[in-house]
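Let me begin by handing over the structure; questions about it come next.
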Amino acid sequence: VEIYSLHVDCKVTSRFAHTVITSRIVNHANESREATFEVELPKTAFITNFSMSIDGEVYPGIIKEKAAAQNEYDSAVSQGQSAGLVKITDRKLEQFHVSVSIAAASKVTFELTYEELLKRQLGKYELLIKVRPKQLVKHFQIDVHIFEPQGIHFLETDSTFMTNELNEALTKVQNETKVRILFKPTLDQQKKNSEPDETLLNGDFVVRYDVKREATAGDIQIVNGYFVHYFAPQEMPVFPKNVIFVIDRSGSMTGRKIEQTRDALLKILQDLRQEDHFSFITFNNKVVEWKSSLLPATEENVASAAALVQTLTARGGTDISGALLAAVGVLEKAEGLPERSVSMIILLTDGQPTSGERNVEVIQENVQKAINGKYALFCLGFGFDVSYKFLEKMALSNGGIARRIYENADAALQLQGFYQEVATPILMQIEMQYPENSIEGLTNNNFKLFFEGSEIIVSGKISDELDLLPVEIKAQSHTSNLTLKEEANVKEKEQVFQNQKYIFGNFIERLWAYLTIQQLLEKAISAQEEDQKALEAQALDLSLRYSFVTPLTSMVVTKPQQQEELANKPTEAG
């Protein structure tokens, strides 16, 4: 069974990426064989389309409500075989896998389409394409087109498998607003010198870039009556932060985990700014406060904290509740903190609460009541024994986010990377205001904190009679209260995309749907039960209307001989 062609076509228009992967396979054997299509795609992406065509007959994937698809599937297949086509493979990727039996000398074409909104992190967008054909491919190519009307500020490609020969197969053409990257290695370039039948193509192909920004109220783009507003202010004074690290040192953290935690914390301590205040709480079944108050991040205090970190050992139970409430207590009674500052609690744990309060709902409730909207709570779950759902709900209910730290060699780097994302708050209480009676379906437009290197995105539908779209941004910076104003000429903005050949027409509408679904699902996590159902119903409706495989929908793939399989979207919380 030979993959004779594998094409990855990716079009990124104003951060919205549309990727089509097409694999053509022929069976050279004189009997039927299994042809497999296996793709790894970013977790943040939604699959929107899949089809197989076997000798000219097309078998499309149909997107349905998850429950309905499951019932249909269960009646078609005896229980126990529904392995599903999609599973999480690592911290950034999930894998789509389908195989089908094809007759001697037959050909099959697999085509998968997925879409995602690229998220700015630490000052750049990252487009990740996983390359793993597992054999030499006669016609192999990755073709990436990027169009950013704001202009491209910098661009780099990076790959985990590049050699000098493969580098010759890479071309980049770039002007002010567009980039085309083509990677088209010949069979010879793909071969490993030591084993000529083996392919070198195995790993990540990454494009990173950022756009140019004027020092205004962000950038507005409009297509077919939908707008998107990007806001990422630069070079602003940084808020001092008051941060409490709440570190799990229960028995399960023994060994590699506690070592990696120590390594990461030592680096993070070096990154604290002089004007920051900080403290540590460590916990097993006992909660230990390093100091009873927050200390300024002077060289001396940082050195003393580093000495404590060096001695961290792991044993005992897990009193998450006691530790978090102690952290809130320290912030509550803190004195002499800078007037305009950002307070945050960063929890790192690898397990379930086993001592103190064990009921996760009670813990969530008590912590939310104690924090009372005043501080941001970030929850890092180390490994797979944590209840990620619990941590995620707790973080989202308290103005923070949750992240799973994967138990790999780079766990310390994952921890540091997370800290870097939240290390530089430059705005708080951001309100993005638009004319109420002229906008429908506005996505989230109030944000508690903005960190340098990230980006705020708001999208919505403009009513037909609007010629000018005025926007006003209100926010607090470290030194002042800001009001920024901007006005977009709807017709002029629409013109920007008119003559771009390769843009799929309604991309801002799809971007709006993608963002709305993501936000509805996130809100549902921390909502009460009735609200949760309403939010999920809305998200389901949009998922079906725009053909997205989300945690609420399934794609039913029907194979020859009426065999059915399901593709579901896995979530971090399982």
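Just need a number here: residues in region 424-443 that are hydrophobic (A, V, I, L, M, F, W, C), farther than 18 Å from I508 by Cα and open to solvent by 10 Å² or more (accessible area, probe 1.4 Å).
To start, the set of residues in region 424-443 that are hydrophobic (A, V, I, L, M, F, W, C) comprises 426-428, 430, 432, 439, 442.
Right, trim to farther than 18 Å from I508 by Cα and you get 426-428, 430, 432.
If we keep only those that are open to solvent by 10 Å² or more (accessible area, probe 1.4 Å) as well, we get 428.
Counting residues in region 424-443 that are hydrophobic (A, V, I, L, M, F, W, C), farther than 18 Å from I508 by Cα and open to solvent by 10 Å² or more (accessible area, probe 1.4 Å) gives 1.
Moving on. So in region 377-399, with the set limited to residues that are farther than 14 Å from L324 by Cα and in a loop (DSSP other than H, G, I, E, B), which one is modelled with the highest pLDDT?
G399
So that you can scan it fast, the table gives a plain yes or no per residue for (1) open to solvent by less than 60 Å² (accessible area, probe 1.4 Å); (2) over 28 Å from Q121 (Cα atoms):
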| site | (1), (2) |
| --- | --- |
| V228 | yes, no |
| S252 | no, yes |
| W290 | yes, yes |
| S304 | yes, yes |
| R340 | no, no |
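With respect to N224, determine if the residue is over 30 Å from P425 (Cβ atoms), touching a residue at least 60 places away in the same chain (Cβ under 8 Å) and outside the structural domain of K92 (by the TED database). Outline the logic, then answer.
Working: over 30 Å from P425 (Cβ atoms): yes; touching a residue at least 60 places away in the same chain (Cβ under 8 Å): yes; outside the structural domain of K92 (by the TED database): yes.
Spelling it out, N224 is indeed over 30 Å from P425 (Cβ atoms), touching a residue at least 60 places away in the same chain (Cβ under 8 Å) and outside the structural domain of K92 (by the TED database).
Here are some conditions: (1) touching a helix residue (DSSP H, G or I) at 6+ places or on another chain (Cβ under 9 Å); (2) open to solvent by less than 60 Å² (accessible area, probe 1.4 Å). V557 meets all but one. Which one does it not meet?
Going through the list (1) touching a helix residue (DSSP H, G or I) at 6+ places or on another chain (Cβ under 9 Å); (2) open to solvent by less than 60 Å² (accessible area, probe 1.4 Å), V557 breaks only (1).
From F205, F245, F161, F227, grab the single residue that is among the aromatic types (F, W, Y), under 30 Å from I320 (Cβ atoms) and either within 25 Å of the chain's Cα centre (by Cα) or not in a loop (DSSP other than H, G, I, E, B) (or both). It would help to see each step written out before you state the result.
Details: F205 fails: under 30 Å from I320 (Cβ atoms); F161 fails: under 30 Å from I320 (Cβ atoms); F227 fails: under 30 Å from I320 (Cβ atoms).
Testing whether each residue is among the aromatic types (F, W, Y), under 30 Å from I320 (Cβ atoms) and either within 25 Å of the chain's Cα centre (by Cα) or not in a loop (DSSP other than H, G, I, E, B) (or both) leaves just F245.
If you take the residues of region 393-419 that are more than 16 Å from the chain's Cα centre (by Cα) and open to solvent by 40 Å² or more (accessible area, probe 1.4 Å), which of them is nearest to G123 (Cα to Cα)?
Restricting to residues being more than 16 Å from the chain's Cα centre (by Cα) and open to solvent by 40 Å² or more (accessible area, probe 1.4 Å), the top hit is L413.
Taking region 406-416 as the region of interest, how many residues are without any contact (Cβ under 8 Å) to a residue 60 or more places away in the chain and closer than 17 Å to C379 by Cβ?
Going through region 406-416 one residue at a time, the tally reaches 0.
Of all residues being surrounded by 23 or more Cβ atoms within 10 Å (Cβ to Cβ) and within 24 Å of the chain's Cα centre (by Cα) in region 359-377, which is nearest to R91 (Cα to Cα)? Just the residue, please.
Per the criteria, the residue is L377.
Still on this structure, I have one more. Kindly provide the set of residues from region 156-184 that are under 18 Å from T13 (Cβ atoms) and touching a Gly at 6+ places or on another chain (Cβ under 7 Å), ordered by number.
Once the filter is applied, which keeps residues that are under 18 Å from T13 (Cβ atoms) and touching a Gly at 6+ places or on another chain (Cβ under 7 Å), region 156-184 yields E176, T177.
I'd like to know if region 55-77 contains one or more residues that are out of contact with any Cys (no Cβ under 9 Å at 6 or more places or on another chain), of a type in the set (S, T, N, Q), modelled with pLDDT of 90 or more and not assigned by the TED database to the domain that holds E494. Break it down into steps so the answer makes sense when it comes.
First pass over region 55-77, keeping only residues out of contact with any Cys (no Cβ under 9 Å at 6 or more places or on another chain): 55-77.
Filter once more, so that each one left must be of a type in the set (S, T, N, Q): 70-71, 75.
Subsequent filtering for residues that are modelled with pLDDT of 90 or more retains none.
Taking every residue of region 55-77 in turn, none turns out to be out of contact with any Cys (no Cβ under 9 Å at 6 or more places or on another chain), of a type in the set (S, T, N, Q), modelled with pLDDT of 90 or more and not assigned by the TED database to the domain that holds E494.
Does L136 satisfy the criteria of being over 30 Å from A423 (Cα atoms) and without any contact (Cβ under 8 Å) to a residue 60 or more places away in the chain?
Working: over 30 Å from A423 (Cα atoms): yes; without any contact (Cβ under 8 Å) to a residue 60 or more places away in the chain: no.
No: the conditions fail for L136.
Same structure again: How many residues are farther than 23 Å from K124 by Cβ, of a type in the set (G, A, S) and not in a strand (DSSP E or B) if we restrict to region 448-476?
Matching residues across region 448-476 total 1.
The values are calculated or read from the model by the stated rules, or taken from the named source; none is laboratory data. Here the structure is a predicted model, which means the values were calculated and not measured. Reconstructed Cβ throughout: ideal geometry from the backbone, glycine too, with neighbour counts over all protein chains shown. Surface accessibility is based on the protein's heavy atoms, side chains included, excluding ligands, DNA and RNA. Shrake-Rupley method; radii C 1.70, N 1.55, O 1.52, S 1.80 Å.
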